[in-house]
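Derivation of every value follows stated rules applied to the coordinates shown; laboratory data play no part. Computed from a predicted structure; not experimentally measured. Cβ placement follows ideal geometry from the backbone for every residue including glycine, while neighbour counts extend to all protein chains displayed.
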Amino acid sequence: MCGIVGYIGEQDATPIILNGLRRLEYRGYDSAGIAVLQDGKIELRREVGKLDRLVDLVRQQPLAGNLGIGHTRWATHGEPSARNAHPHVSASGEVVVVHNGIVENYLELREELTAEGTVFKSDTDTETIVHLVDRFLAVDGDLVQAVRHTLLRLRGAHGVVVFSTREPDKIIAARIGNAGGVVIGYGQGEMFVASDIPAILEHTRQVTFLESRQMAVVTRQGAVVQTLEGKPVQPTLHSVSWDPVAAEKGEYRHFMQKEIHEQVRSLTDTLAGRVDFKQGRVRLPQLNLDAQQARAIERIVITGCGTAAYAGMVGKVLIETLARLPVEVDIASEFRYRDPLVNERTVVLAISQSGETADTLAAMEEARRKGARLWSIVNAIGSQAMRLADGSISMQTGPEIGVASTKAFTAPIVDLYMLAILLGELRGTLSDAERRKRVKDLGRIPDLVGRCLDREAEVINVAQALKEMRSALYLGRGVNMPIAYEGALKLKEISYIHAEAYPAGEMKHGPIALVDRDLPVVAIATQDPWYEKMISQIEQVKARGGIVVAVATEGDERIAALADRVFWVPATPWLLSPVVTVLPLQMFAYHIAALRGLDVDQPRNLAKSVTVE
Ligand code: M6R
């Protein structure tokens, strides 16, 4: 979704802002813009489409100044166009704003401002913000107050960044609710503002995050943070350990491909410091959990959206198997509005790569209101989902740029496996010997993942053969049923090929009617407790002339004889098998999309971090 970058200092703001926006392209956008304070005036450049068009425009009509803000927009109100792109400048020409979120009462505000004579130049909700600031500034003469009064008039969730020619020594940044983060970066005699860390990572590692209903007055020297009500806040400084190089494509054609191949490292990192292989134990001190508390938990509800929810579905099998604790998986957008039945004996566990997904955050807030204990598994350090929780496990995967989530799917599965072992130990459902065995299995994961990734050439062959398919059906059972969902999601979101997933046992209740020689059926049939069932499902597809692409264990001759194509994976302890079975499906989706010449990292209509409902 929308990205924000702001700069104040001694350097030329334009390249810093444009480079920062480049780092946020992965979030998804349809237009971009920049405003710089030049010779005491606000100079604006905006373009529809890719950032390169804005860069070209700035090349033709250069900007110069040491203070500026930029934005990539994902349209909500008004079509994608230069006119609707941010930044928006007030009628007086003195105030400029960029904004993430939705002004829910914008129609009412627009009518009010129009009645006072304001002429709107765009169809956006955001433009109401800049005219309100202008109006309050004309009365108060004080920018901080004008922004504060404006924010208090807005309904909904927002990240807002403003500057004005009247007070050219500052940028004001604010956050209300969960419309994405606002991060402030500290430099030497210069400061940065952004919606996400990667935008400013090449300039600083020292950052602070605004909480909801906080605003920061950012000058070259630092940031003064206060609540919207004017109460001073002492900002907490975080040191970001990400390597900026991790946010580069390197030798790979797309971020998605790079991120698929990073999974040996990301899974090693997520294990690091948490597994004691000598003692056969898992440590998750972030959860602050003892045996008494673990036994007092009646139920876990895992919530999240998209890929994160599918990781949760794997987690359900892991926790129920190892810790004998009931687990439900509830899609966050449903959970938040259903008056869910949770109480203080329920743990609500949110999973989120970005930690800023609006539905997931709202589900967490709903759980909090009902007194549940809140845990999260999150990738983006310092994000809301990390901060809202009573205890949070960091995925440790580093930045994930491709819109299609890959390494942020396998890392939470491994985290959930560790959690299941810990709960099993504390609740007394795992014997010492079994716990040691499960921990030992974890140590094999990086090697098993590496072996799957080494088979990419075979996946490319299958992708070549099937790249023109129009539809696909994905089937799985048990712990690999969510992998069918995840495989289908990967294919549809980046290749635009229709793909459906079903628990394989459901096939006979309807989807089998689809099977014909034009419909590839992707069946996950590794040697787990559901193997025989999957074999009979594959036979049913073959009996109806269907094409079967199986994900199977190396050396399985029955599958070799039955299936038309096979993605081979190494023999893996069945509870951990989703971590390997998903890998060929990620590579398959990637190569089909790449062969079709599509924009793999920024698929149409999608955003990396979905900060609106
Ligand atoms: O940042 P989150 O993990 O909360 O994002 C949740 C979903 O929006 C995300 O997983 C989405 O489904 C991806 N595009 C899947 O590849």
Cα-based shape type of region 3-245, given that a ≥ b ≥ c are square roots of the gyration tensor eigenvalues and the cut on a/c is 1.5: rounded
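In deg cm²/dmol and to the nearest 500, what is the mean residue ellipticity at 222 nm of the chain if only DSSP H runs of at least 4 residues count, each as -39500 (n - 2.57), divided by the residue total?
For the chain, the value works out to -11500 deg cm²/dmol.
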Additional length obtainable on full extension of the chain from Glu320 to Thr219, 0.36 nm per residue less Cα span: 31.1 nm
Alpha carbon convex hull of region 497-545, projected area averaged over orientations, nm²: 3.5
Length released on extending from Asn343 to Arg596, taking residue separation times 0.36 nm less the Cα-Cα span: 86.2 nm
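For the chain, what are the DSSP H helices with axial Cα length of 20 Å or more and mean Kyte-Doolittle hydropathy of at least -1.0? Show your work: numbers first, answer last.
Values: long enough: 126-140 (21 Å, 0.65); 306-323 (25 Å, 1.02); 407-426 (29 Å, 1.37); 432-453 (33 Å, -0.82); 481-495 (22 Å, 0.21); 577-595 (28 Å, 1.36).
Those that clear 20 Å and a mean of -1.0 are 126-140, 306-323, 407-426, 432-453, 481-495, 577-595.
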R0 of 25 Å, Cβ-Cβ distance Glu557-Lys508: FRET efficiency to nearest 0.05: 0.45
Exposure proxy ranking, count of Cβ atoms within 10 Å, fewest first, for Cys452, Cys2, Cys305: Cys305, Cys452, Cys2
Per residue convex hull volume, Cα atoms of region 86-190, in Å³: 96
Rounded if a/c under 1.5, otherwise prolate or oblate - region 1-73, Cα gyration tensor axes: prolate
Bins of 10 Å from zero: percent of alpha-carbon pairs in region 269-340: 17, 38, 38, 7, 1
Shape parameters for region 406-521, alpha-carbon atoms, Rg then Dmax in Å: 18.0, 52
Mean Cα-pair separation over length for the chain, i.e. relative contact order, pairs under 8 Å, 6 or more apart, %: 12
In nm, spacing of pseudo-spin labels at Leu107 and Ala138 (7 Å Cα→C-beta vector): 2.6
Pairs beyond 27 Å (Cα-Cα), from Lys542/Lys608; Lys249/Lys278; Lys370/Lys407; Lys440/Lys608; Lys407/Lys467: Lys542/Lys608; Lys249/Lys278; Lys370/Lys407; Lys440/Lys608
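Using only the alpha carbon atoms of the chain, find the Kirkwood hydrodynamic radius as the inverse mean reciprocal pair distance, in angstroms to one decimal.
25.4
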Dipole moment magnitude, nearest 20 debye, the chain about Cα centre, only Lys, Arg, Asp, Glu C-beta charged: 1160
Global geometry of region 456-595, whether rounded, prolate or oblate, following the gyration tensor of its Cα atoms and the 1.5 cut on a/c: rounded
Estimated inter-spin distance, Glu79 and Phe277, nm [label 7 Å along Cα→Cβ]: 5.9
Positive dipole terminus of the chain, leading residue within Ser609, Ala543, Leu109 (C-beta point charges): Ala543
Added length on full extension, which subtracts the Cα-Cα distance from 0.36 nm per residue, Lys41 to Gln292: 84.0 nm
Relative contact order (%) - region 362-455, alpha-carbon pairs under 8 angstrom, separation at least six: 16
P(r) weight above 22 Å for region 328-477, C-alpha pairs, percent: 56
Unit charges on C-beta of K, R, D, E only; dipole of region 263-387, Debye: 440
Gln60 paired with Ala571, simple spin-label distance in nm, labels 7 Å along Cα-to-beta-carbon: 6.5
